[in-house]
Amino acid sequence: MPAWADTLRVATFNTELSRNGPGLLLRDILKGTDAQITAVLDLLAQTNADVITLQGFDYDFENRALMAFANALEKRGLHYPHLFAAPPNAGFRTGLDLNGDERRGGPDDAQGYGRFFGAGSMAVLSRFVIERDQVQDFTSLLWRDLPGADLPQIDGKPFPSAEAQAVQRLSSRGHWVVPILHPKMGRVSILTFHATPPVFDGPEDRNGKRNADEIRFWQHFLDGKIGQAPAARFVLVGDANLDPDRDEGEHEAIKALLDHPALVDAMSKLPTVDWPQTGPMRVSYILPSTDWHIVDAQVVPQIAAASRHNLLWVDLKQ
């Protein structure tokens, strides 16, 4: 059995590899001269994770950009034969006014913010087989169907309208549970998401409420109220876009998740992004289930040429 079979390295990284239109990320990957893409590839090669979830990575229907990205990693000695990306809510048009500006067709009127379908979505790369027929994809879950959903209101009325709330999905990109077959450990489930920022709204606090409910989704999932939580060996990873203490947002939502009895916080209080307008904040997370032994964990120093976000990884053992 190879040495890496005894320890599993799981990583997550908001790459910010989103472009201004469909197909442009694929174009830039294939050109091989884009400085940001090169910096991200080099960072991933240095990290050498067994499984990594990416945020801020443009989706296309045939996953051509993701496959080209994996091929570029292989040239750096990093082999990810198993890839997963599903159609997201980002840029998925609704034909309705979802943000209350009395206009339709803007990026905020999609199910999740996006100038085009798939903008800034998510992906999973794995050295090990992904059990595609066992994936749980909650991307289409309506926000109002979340237990205890905190839907926005103005003067006691649904914001922006009852019609909008009847179709509004919870996930700004998606909520996925991706089972992976490790050659020694068996099934390992990767729970991943990328929540909307709790800003850029008005007194109705639409984005703040949605961000909190996107995070609360995982509490309901782990508590058996939605879907089927894995019985053992899982890791919750992604960009929650919410710091437990700093800046805007419902901080109690992320604090409650960090305190969930099924999870371990391996990187408490370590910032994962440094925005000029806020300073250092913790918005990305890796939260293993309690049945893991945590061997090591790190927030990798920021590489400015790659992303404003830090890459995170954790080494796990049975």
With respect to Lys225, determine if the residue is modelled with pLDDT under 95, surrounded by fewer than 24 Cβ atoms within 10 Å (Cβ to Cβ) and more than 18 Å from Tyr285 (Cβ to Cβ). no
Condition (residue is touching a Phe, Trp or Tyr at 6+ places or on another chain (Cβ under 6 Å), surrounded by fewer than 24 Cβ atoms within 10 Å (Cβ to Cβ) and either over 19 Å from Ser172 (Cβ atoms) or without any contact (Cβ under 8 Å) to a residue 12 or more places away in the chain (or both)) applied to the stretch 195-203: is it met by at least one residue? no
Considering only residues that are in a loop (DSSP other than H, G, I, E, B) and surrounded by 15 or more Cβ atoms within 10 Å (Cβ to Cβ), which ones fall in the stretch 151-162? Leu151, Pro152, Phe159, Pro160
Inside the stretch 251-300, the number of residues satisfying the requirement of being under 21 Å from Glu214 (Cα atoms) and in a strand (DSSP E or B) is 9
Just one of (1) assigned to a loop (DSSP other than H, G, I, E, B); (2) under 19 Å from Gly114 (Cβ atoms) trips up Gly148, so point out which. (2)
Output the qualifying pairs, or none if there are none: Cβ atoms under 7 angstrom, residues six or more apart or on different chains, first residue in the stretch 106-126 and surrounded by 24 or more Cβ atoms within 10 Å (Cβ to Cβ), second residue assigned to a helix (DSSP H, G or I) and not small (Gly, Ala, Ser). Gly114/Pro107; Ala123/Leu66
Considering residues of the stretch 6-38 that are farther than 29 Å from Pro288 by Cα and in contact with a strand residue (DSSP E or B) (Cβ under 8 Å, 6 or more places away or on another chain) only, the residue surrounded by the fewest Cβ atoms within 10 Å (Cβ to Cβ): Gln36
Which residue pairs have Cβ atoms under 9 Å apart, sit 6 or more places apart or on different chains, and have a first residue in the stretch 165-189 that is on the phi > 0 side of the Ramachandran plot and part of a strand (DSSP E or B) and a second that is basic (Lys, Arg) and modelled with pLDDT of 95 or more? Gly186/Arg233
Answer yes or no as to whether Ala123 is farther than 30 Å from Leu8 by Cα and among the small types (Gly, Ala, Ser). no
Asp133 versus (1) without any contact (Cβ under 8 Å) to a residue 24 or more places away in the chain; (2) over 30 Å from His182 (Cβ atoms); (3) not hydrophobic (A, V, I, L, M, F, W, C): which is the lone unmet condition? (2)
For the list (1) touching a residue at least 60 places away in the same chain (Cβ under 8 Å); (2) touching a Lys or Arg at 6+ places or on another chain (Cβ under 6 Å), I need the number of the one condition that Glu16 fails. (2)
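The values are calculated or read from the model by the stated rules, or taken from the named source; none is laboratory data. Since the model is a prediction, treat every value here as computed from it, not as a measurement. Glycine also receives a Cβ, built like all others from the backbone with ideal geometry; neighbour counts cover every protein chain displayed.
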